[in-house]
């Protein structure tokens, strides 16, 4: 009689920094349901992975659920897979981080479950051939990856129905392949269709294995919980009766019975959709999204400090590992890097870890502030990093002389105020009327707008409204003995593609305590007048309260509060940004100016159509000017944490 | 206290499996505690063989023109109440064709016995203790008579091996003369038979547990299986009463001396010279000299299968050639079934033989219908590893005890095992045990890694041939050091071949360790007595 083995792997994960109410909703809709199902079918064999961030959340918030799950492991119903503490994409990390991510996960898991898992769930199944080394170093025996990776190596599909061994530098790990075809039918087709699909791969020898591995949230969260409960009950009760044909096994059980097929070598890979989103290689996300690269390089930068510090408490490393949580570093169809609360949590952890390292190494003992000129983002150009005990401000002269990171380091309020997100072209937005941003949405950028430009032109990227090249121009950078940063660039004002006049822009940046004061000087160096709206651009990321307490995020202008989804245009000299559980942030000019304020929203595709997801609050201070040759326009803008 | 033990078989009437031992032994021990215990069992043709001398007729009942008699059989230490007549007299105990009929009739007769109990001289039971799923309809029948609101009768359901049997509502109601709307008491209070049947989805073991005050099994570990299979709502109603062995070492030794009069005048299995001589004898002589009528194979088809095999060293009719040379001896006993992990052991043999080239592995296995493929694999393996492996299919009385008292290690690679009585037999006879960490074996066998010299063996991951090979090899080498002069060159060589650090450390700190472990094993087996089990049962009854 033909039969086939089946490994049913359920991956429980919510990212570090997830909003508490979302975690709770998913717990109610999905995790409780799955626990109930596991108990009801406790005689069957399930394979489960609980990501490090979720494990920590459940320890804190739902220890009873965890206890029951652990019991199912003890009772032999569940085989657990290890993971990385931060559910990090291992190949993105320095070698020792790869080892420690897994080591710390196992340590945490063993503390609560009392056993060490033998297999590993690879975050987003991002495989690179170097992985056997850190996995073997942690005693990981097997890993689940996708059949697309196998097919890229030129193997036939049949090879995906067996376990194999791969090696790197003499370190070996066994691999199982998650079958894409099965993922597309389970749980979306009827039980009978799923069984037919499985049996079409069964053999008389019965030594093949079909591996299903996907998100727990498919059951109860992505679709109606009532339907999920019905489907699982139908599927599993029938599976019980067909146990002689379809044997639900644990991976170690399969390996004991059938061992591996042989040796295999695999290229880089992930699941089919991920390969599509990343143009075939996960690391491409760091090239597509500057903000992803920013987080990644900040992580490497903080790591440098942690390594140099003579003694770093483990707590700092844990913060650091959790900041490697993958979700905020990439984007497919939903959320990901566009979820500002996830990015926020990454920076929060990195800033906290950085502070501990700085403290331990006496970073400011000789000088404060520390001002560095380094290629922070690995693009071959130098950035200026201003660091003090109170804040970090990072500037990128080569990108229009902008500020791309502003870390508040006050105890309990660690936050990157500049953690705003550019809206990139996304394939699913083609027909939405959405114009992607043509520059990175950060602060201190100068625009010389066409006089007809409106707030909507600016925030929605109407083409050809900025008549100068200054927004993207490379700026020179120098530091005065008084620690003032001066950036200058000579650009042009154009009309219909013709240069009208040369314009010199100077930005003098002074940082005192929690305030960053920037004096802009715009000077017409040509011989023709220029009529323009000078735009001084800021984008800010008010801190989100991830536990859902307090008032909504918004801003106060001329004594009135507006939530962050409001636009505002008018005359004022001050905007105060309000966020729950966080000090106010104030943007001021010395006298009344025109202010445009708008939500910086990305569009997300949902079942109910496109929906805005906030990426920050945008402010443009406008001066309508006719700059005669030699005219000089000066404006000082102060950004301050109260 | 009057205790009725319901059992589908009994070692004093008809015995098929391990269940037959438990209720009568427990009953005997309960009697020693001053209680009245009866084993209630179907006849299965027993009384016809026995004659009527020892039987006292309690009742004579006519059902559908079939005359049934209920007898009291008081020759065994625990008196038996035997239900006879009609289908109950059929000798096939577990024949699928007759099973439900037997259970139905047995249930009806128990109910009538209870109704007419005053006519029999038997006292009302205080405890009804059912064993395995066959007793579930009987328990229901008894409940309808015995249970009154506020009464203190106890109903205990014991699972020796989980079954997947489903019972129809009719089979537990109308078929046994009960209205499905009769209320009975269970863990969800007073509900009708129909309601409890619905709550159980017809699953016999779950139904038994739902309607009993306590559901017991035979080991703490096996409770986990009960929870998984029967439902988490029952978890707090589960407990266990361990089994015990009836083996007694002096009787075993006397039996061996009786069978092999010239072997040794006196046998002390804890004396190296004695034990080594026994081992040599078993491996080189006894194995090749089984009596004409051994091994006994009851299954006719299996006998035919063996007849056709002549693949050296296996000989026709299940005989075997002895080993060619002596070496460390490991034995395995039990049924020839995948459940017992025979295939896992087969997979581990290559490694074991590589690590311990002179290992001698002797399997004494009872053939089971449906495991022909496994038998074939085993036959092939014996041929491939002819220097190291021997298998006896069927009962070989002459060898069974001898093998136990001459071996060094007993291996029990079971995939699941509610209790694992063989471990007690292996330990009682002074063997180090290498057993799966599962079911009762997780408790009876004390891992040396945790218990040191108080340990009795090593635990292995169930189903893992690599782990099994490693532990078995180390166990054989460890025990073999006991036959060598401590600190001699040969002794060192053996110790250094052991991979397990704990075992090496034990030997370096005490070269007598193998003999201490043999003693610890023996003592551990003595801890499992029916007297203790009865005490535990009484606590549960009082519960």
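The values are calculated or read from the model by the stated rules, or taken from the named source; none is laboratory data. Model, not experiment: these values are computed from the prediction. Heads up, the Cβs are rebuilt from the backbone with ideal geometry, glycines too, and the neighbour counts pull from every protein chain shown.
Some values worked out for this structure:
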{"quantity": "Selection count, the stretch A:214-240, where residues are outside any helix (DSSP H, G or I) and either out of contact with any helix residue (DSSP H, G or I) (no Cβ under 8 Å at 6 or more places or on another chain) or within 14 Å of chain B (Cβ to nearest Cβ) (or both)", "calculated": "4"}
{"quantity": "Some residue of the stretch B:222-242 being modelled with pLDDT of 95 or more, away from every other protein chain (no Cβ under 14 Å) and part of a loop (DSSP other than H, G, I, E, B)", "calculated": "yes"}
{"quantity": "Number of positions in the stretch A:487-512 that are under 33 Å from the mean Cα position of the chain (by Cα) and modelled with pLDDT under 95", "calculated": "1"}
{"quantity": "Every pair of residues 6+ apart whose Cβ atoms lie under 6 Å, when the first sits in the stretch A:54-78 and is within 27 Å of residue A:327 (Cα to Cα) while the second is at pLDDT 95 or above and not in a helix (DSSP H, G or I)", "calculated": "A:54/A:12; A:54/A:13; A:54/A:14; A:78/A:46; A:78/A:48"}
{"quantity": "Matching residues, the stretch A:395-443, being part of a strand (DSSP E or B) and more than 19 Å from the chain's Cα centre (by Cα)", "calculated": "A:395, A:396, A:402, A:403, A:408, A:443"}
{"quantity": "Top-ranked residue of the stretch B:460-494 - restricted to ones that are within 14 Å of chain A (Cβ to nearest Cβ) and either closer than 15 Å to residue B:520 by Cβ or not in a helix (DSSP H, G or I) (or both), ranked as farthest from the chain's Cα centre (by Cα)", "calculated": "B:464"}
{"quantity": "Filter result (touching a residue at least 40 places away in the same chain (Cβ under 8 Å) and more than 14 Å from chain A (Cβ to nearest Cβ)) within the stretch B:188-216", "calculated": "B:190, B:193, B:204, B:207, B:208, B:209, B:211, B:212, B:213, B:214, B:215, B:216"}
{"quantity": "Strands (runs of 3 or more DSSP E) within the stretch A:1-99 that include 3 or more residues within 14 Å of chain B (Cβ to nearest Cβ) and in contact with a strand residue (DSSP E or B) (Cβ under 8 Å, 6 or more places away or on another chain)", "calculated": "none"}
{"quantity": "Number of the condition not met by residue B:392 [criteria: (1) crowded, with 22+ Cβ neighbours inside 10 Å; (2) on the phi > 0 side of the Ramachandran plot]", "calculated": "(2)"}
{"quantity": "Test: residue in the stretch A:112-119 that is part of a helix (DSSP H, G or I), more than 30 Å from residue A:347 (Cβ to Cβ) and more than 14 Å from chain B (Cβ to nearest Cβ)", "calculated": "yes"}
{"quantity": "Some residue of the stretch A:300-308 being under 30 Å from residue B:165 (Cα atoms), surrounded by fewer than 19 Cβ atoms within 10 Å (Cβ to Cβ) and away from every other protein chain (no Cβ under 14 Å)", "calculated": "no"}
{"quantity": "Hey, residue A:243 in the same structural domain as residue A:152 (by TED's automatic domain parsing) and in a strand (DSSP E or B) or not", "calculated": "no"}
{"quantity": "Residue that is surrounded by the most Cβ atoms within 10 Å (Cβ to Cβ) [pool: residues in the stretch A:547-566 that are outside any strand (DSSP E or B) and more than 27 Å from the chain's Cα centre (by Cα)]", "calculated": "A:558"}
{"quantity": "Counted residues, the stretch B:505-543 - those being closer than 22 Å to residue B:493 by Cβ and not in a helix (DSSP H, G or I)", "calculated": "3"}
{"quantity": "Considering residues of the stretch B:436-450 that are part of a helix (DSSP H, G or I) and surrounded by fewer than 24 Cβ atoms within 10 Å (Cβ to Cβ) only, the residue nearest to the other protein chains (Cβ to nearest Cβ)", "calculated": "B:442"}
{"quantity": "Given (1) more than 30 Å from residue B:315 (Cβ to Cβ); (2) surrounded by fewer than 20 Cβ atoms within 10 Å (Cβ to Cβ), number of the condition residue B:467 does not satisfy", "calculated": "(2)"}
{"quantity": "Matching residues in the stretch B:249-262 - criterion: being part of a loop (DSSP other than H, G, I, E, B) and free of Cβ contacts under 8 Å to residues at least 24 places away in the same chain", "calculated": "B:261, B:262"}
{"quantity": "Condition met for residue B:453 (in contact (Cβ under 8 Å) with a residue 12 or more places away in the chain and buried (at least 24 other Cβ atoms within 10 Å of the Cβ))", "calculated": "no"}
{"quantity": "Residue among A:459, A:446, A:479 that alone is touching a strand residue (DSSP E or B) at 6+ places or on another chain (Cβ under 9 Å) and farther than 26 Å from residue A:570 by Cα", "calculated": "A:479"}
{"quantity": "Residues being free of Cβ contacts under 8 Å to residues at least 24 places away in the same chain and either more than 14 Å from chain B (Cβ to nearest Cβ) or part of a loop (DSSP other than H, G, I, E, B) (or both) - total across the stretch A:246-276", "calculated": "1"}
{"quantity": "Conditions (1) within 23 Å of residue A:520 (Cβ to Cβ); (2) surrounded by fewer than 22 Cβ atoms within 10 Å (Cβ to Cβ): number failed by residue A:402", "calculated": "(2)"}
